[in-house]
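Colleague: Sharing a structure with you now.
The values are calculated or read from the model by the stated rules, or taken from the named source; none is laboratory data. Here the structure is a predicted model, which means the values were calculated and not measured. Because the Cβ atoms are built from the backbone with ideal geometry, glycine has one as well, and the counts that use them run over all protein chains shown. The area values use the complete protein model at the heavy-atom level, side chains included, leaving out ligands, DNA and RNA. Shrake-Rupley method; radii C 1.70, N 1.55, O 1.52, S 1.80 Å.
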Amino acid sequence: MAVRDKIIKSDEIQDVFSCNRVMAGPGAGKTYWIVRQISYALKLGVLHATDKIACITYTNKAAQNIEERVGDKCNELYVSTIHSFLYAFVIKPYLHLIADSENFAIEKLDGHDDEIIIGYKILSEILPSNKRFAIQKFKDYSKLKSYISKYHWQSNGQDVLLKSVPQNKTPLRVFGKNDVLAYKQYTWKNYGLLHHDDILYFAFKLIVKYPQITNILSNQFPFVFIDEYQDTNSIQHHIFQCLANAGSYVTIIGDEAQSIYRFAGSDIKNLSSFKSNSLQCFRIEDNRRSTPSLVNFFNMLRPELQQKAIVTEDYGVPTILIGSPVETYLKAKELSNNEEITSLSWSNSTANMLKLKLNADKSKDMLASLLDTSSNHDRARFTFYCINAVENAKLRLMKDAIVYVCKAFNLDKRDIMDKQKAFIILLRILERDSEYRNSSLMDFYNIINGLREKSLPKLQKGKDCQLFSNRYLAFAKDVRYNDEESEHLTIHKAKGLEFNNVILIIEKNDEAVNFLMNADLNAKQDDWRLYYVACSRAKRRLFISIPHLDDTQKNLLKEKYKESIIIAEN
């Protein structure tokens, strides 16, 4: 028999000596509630000297926010993402127990990384001899990397399986699922390379083989809070369920309509299938974040959840702006009295082009093209890393920038002297920004090549010369950032965050109209939920950017929303 949720307010403290499930829509004050629960548990004084409260968030910024709000007793609180938590408390202390059986070069382990390093050399070593003929002229490594990245570890309860997202087509016909596994095993053995997703694989293997690890974790963390539980996958769900079974008081918080990671294996059902003998179920229906006009709009998008606005001040109804992303962004800025405004886009390329103040188009990924089409692999990777270093430094993401410089110049990021060298090299590149930023990649390459102890070959003719003649900014627009502070983010990176003013960029007319007219937040695909999550990040003002609307579409929207939205005419 299903347990009925008790309706609570976000400022109400509940029993911490039980497992809890809290269902809460956007802006309901989940972070506020979590902070109050943690603060209450800390004040009880029941933690032993080595005990901590664990709080698992989806972003580093959300973790920082919780730590700042809790304040003085942060030494008794560990807040992090799930991957950082598992790496720190399962992988680092215990991976050696299964390193030999998994052929993992543990002596080479140096954190976890998203980079996929496959190229001709690795392909020729992992593919059987009867398949190697197919890689002689193969160049599309960026698509192959994308294909590999769309495989994720999932649990069937007993073991871990490698599964692909739907419609993931290989660009190399002889390379399939088994070869993805072979690639992973090859990099484990030869490089000690641990991808973010591999953390889940090894954590599951360790916990299944050595269940006492769960008991140790439970003793270390008697209270565990997990936000955004709707986006946990089967392995994460299994681990958290094990912690609850071992005696930790586990609290899960989530919202079915904000599930946006199904492509990575997340399962909404984890919210309802979490079990504990002491489980209490709550629901928060208020919205502490957004103005009444915005909450009214969200309620029209999601009729089954009718939130009540706690905020009383209002800045107007959502506005639809028609035009290119740059045009509509500038217009939204003007309508917001030049206040800071955050753009949220589906694609990384669109977010980057807005950062660079370029008109968003669907030109090909030039940065990937650099790796795929260059005839000199060393030159391509060197230039690729330097572009990433510069653009990360421009956004003051210095830690990531230094890592890229170290990769480019073969420096050890763990060595303090090498890190200092990397910093000096980065400064020298940035000092000459005016010489390449609005010029060609060739000019950039000549500058960075001159900083090497041993220069790479100069570009004189051929396809590489033609490729490097393109503008530097054409490559810079495709850099991917681990950035949560920018004014231009992808929707996925904005998860769990909030901003005073938001402009949602929807690049296809029909898609925008379908979302606004017929959004199905229970659909199998994430599409509508992504846009819903983006809209609900706004505290004061919300703008929706659409390239074009014909008269019929405008009339449909006006008929449905009446005075609840404004369509700004050109």
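Colleague: Of all residues in region 122-162 being among the charged types (D, E, K, R) and within 21 Å of residue 196 (Cα to Cα), which is nearest to the chain's Cα centre (by Cα)?
Modeller: Only one residue fits best here, namely 150.
Colleague: Among the candidates 218, 234, which residue alone is polar (S, T, N, Q) and free of Cβ contacts under 8 Å to residues at least 40 places away in the same chain?
Modeller: Exactly one residue qualifies, and that residue is 218.
Colleague: Working only within region 44-64, note down all residues that are in contact with a Leu (Cβ under 9 Å, 6 or more places away or on another chain) and either over 26 Å from residue 493 (Cα atoms) or among the polar types (S, T, N, Q) (or both).
Modeller: Within region 44-64, 52, 59 qualify.
Colleague: Residues being touching a Phe, Trp or Tyr at 6+ places or on another chain (Cβ under 7 Å) and open to solvent by 60 Å² or more (accessible area, probe 1.4 Å): count how many of those fall in region 102-123.
Modeller: Residues flagged as touching a Phe, Trp or Tyr at 6+ places or on another chain (Cβ under 7 Å) and open to solvent by 60 Å² or more (accessible area, probe 1.4 Å) within region 102-123 amount to 2.
Colleague: Right, another one. Search region 145-201 for residues being more than 21 Å from residue 124 (Cβ to Cβ) and among the acidic types (Asp, Glu), and hand back the single one that is modelled with the highest pLDDT.
Modeller: 198
Colleague: If residue 46 passes every condition in (1) of a type in the set (A, V, I, L, M, F, W, C); (2) loosely packed, with under 13 Cβ neighbours inside 10 Å; (3) at pLDDT 90 or above; (4) part of a helix (DSSP H, G or I) but one, which one does it miss?
Modeller: Failing condition for residue 46: (4).
Colleague: When the residues of region 548-570 are filtered to those that are part of a helix (DSSP H, G or I) and under 17 Å from residue 508 (Cβ atoms), which remaining residue is most open to solvent (accessible area, probe 1.4 Å)?
Modeller: Applying the filter and picking the extreme gives 552.
Colleague: Residue 56: β-branched (Val, Ile, Thr), in contact with a helix residue (DSSP H, G or I) (Cβ under 8 Å, 6 or more places away or on another chain), open to solvent by less than 10 Å² (accessible area, probe 1.4 Å) and under 27 Å from residue 188 (Cβ atoms), yes or no?
Modeller: Criteria met by residue 56.
Colleague: Please note which helices (runs of 4 or more DSSP H) are completely contained in region 442-547 and include at least 3 residues that are touching a strand residue (DSSP E or B) at 6+ places or on another chain (Cβ under 6 Å), crowded, with 23+ Cβ neighbours inside 10 Å and among the hydrophobic types (A, V, I, L, M, F, W, C).
Modeller: Here the list is empty.
Colleague: Another question, if that's okay. Quick check on region 410-441: of everything there that is among the hydroxyl-bearing types (Ser, Thr, Tyr) and not in a loop (DSSP other than H, G, I, E, B), which residue is most open to solvent (accessible area, probe 1.4 Å)?
Modeller: For region 410-441, the residue satisfying everything is 434.
Colleague: Among the candidates 279, 321, which residue alone is of a type outside the set (Val, Ile, Thr) and open to solvent by less than 20 Å² (accessible area, probe 1.4 Å)?
Modeller: Criteria check complete, one pass: 321.
Colleague: Okay, moving on. Tell me yes or no: at least one residue of region 124-135 is under 19 Å from residue 234 (Cβ atoms), open to solvent by 30 Å² or more (accessible area, probe 1.4 Å) and part of a helix (DSSP H, G or I).
Modeller: There is no residue in region 124-135 that is under 19 Å from residue 234 (Cβ atoms), open to solvent by 30 Å² or more (accessible area, probe 1.4 Å) and part of a helix (DSSP H, G or I).
Colleague: While we're here: Out of all the residues in region 183-223, which are among the aromatic types (Phe, Trp, Tyr) and part of a loop (DSSP other than H, G, I, E, B)?
Modeller: Those that are among the aromatic types (Phe, Trp, Tyr) and part of a loop (DSSP other than H, G, I, E, B): 210, 221.
Yes/no per residue for (1) free of Cβ contacts under 8 Å to residues at least 12 places away in the same chain; (2) closer than 28 Å to residue 387 by Cα; (3) among the aromatic types (Phe, Trp, Tyr):
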site: 462; (1), (2), (3): no, yes, no
site: 468; (1), (2), (3): no, yes, yes
site: 492; (1), (2), (3): no, yes, no
site: 499; (1), (2), (3): no, no, yes
site: 542; (1), (2), (3): no, no, no
site: 545; (1), (2), (3): no, no, no
site: 559; (1), (2), (3): yes, no, no
site: 566; (1), (2), (3): no, no, no
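Colleague: Filter region 259-269 down to residues that are of a type outside the set (Asp, Glu) and open to solvent by 10 Å² or more (accessible area, probe 1.4 Å) and give me whichever is modelled with the highest pLDDT.
Modeller: 269
Colleague: Here's a check for you: in region 238-253, which residue that is assigned to a helix (DSSP H, G or I) and hydrophobic (A, V, I, L, M, F, W, C) is nearest to residue 16 (Cα to Cα)?
Modeller: Looking at the filtered set, the residue picked out is 244.
Colleague: Can I ask one more? Quick test for you: out of 90, 79, 180, pick the one residue that is touching a helix residue (DSSP H, G or I) at 6+ places or on another chain (Cβ under 7 Å), open to solvent by less than 30 Å² (accessible area, probe 1.4 Å), of a type in the set (A, V, I, L, M) and assigned to a strand (DSSP E or B).
Modeller: From the options 90, 79, 180, the qualifying one is 79.
Colleague: Write out, first by first residue and then by second, each pair whose Cβ atoms fall under 9 Å of each other, whose residues are 6+ apart or on separate chains, and whose first residue, in region 39-65, is farther than 13 Å from residue 228 by Cβ while the second is in a helix (DSSP H, G or I) and open to solvent by 80 Å² or more (accessible area, probe 1.4 Å).
Modeller: These pairs meet every condition: 39/69; 48/219; 50/219; 51/219; 52/75.
Colleague: Right, something else. Take residue 146 and decide whether it is of a type in the set (S, T, N, Q), in contact with a helix residue (DSSP H, G or I) (Cβ under 8 Å, 6 or more places away or on another chain), open to solvent by 10 Å² or more (accessible area, probe 1.4 Å) and in a helix (DSSP H, G or I).
Modeller: no
Colleague: Name the residues in region 398-408 that are hydrophobic (A, V, I, L, M, F, W, C) and surrounded by fewer than 21 Cβ atoms within 10 Å (Cβ to Cβ), would you?
Modeller: Passing the criteria: only 398.
Colleague: Now, a different point. So which residues in region 256-274 are touching a strand residue (DSSP E or B) at 6+ places or on another chain (Cβ under 7 Å) and either free of Cβ contacts under 8 Å to residues at least 40 places away in the same chain or farther than 14 Å from residue 532 by Cβ (or both)?
Modeller: Result: 264, 265, 266, 267, 271, 274.
Colleague: Further, regarding this structure: Can you tell me which of (1) in a loop (DSSP other than H, G, I, E, B); (2) open to solvent by 20 Å² or more (accessible area, probe 1.4 Å) is the one residue 152 doesn't meet?
Modeller: The number of the failed condition is (1).
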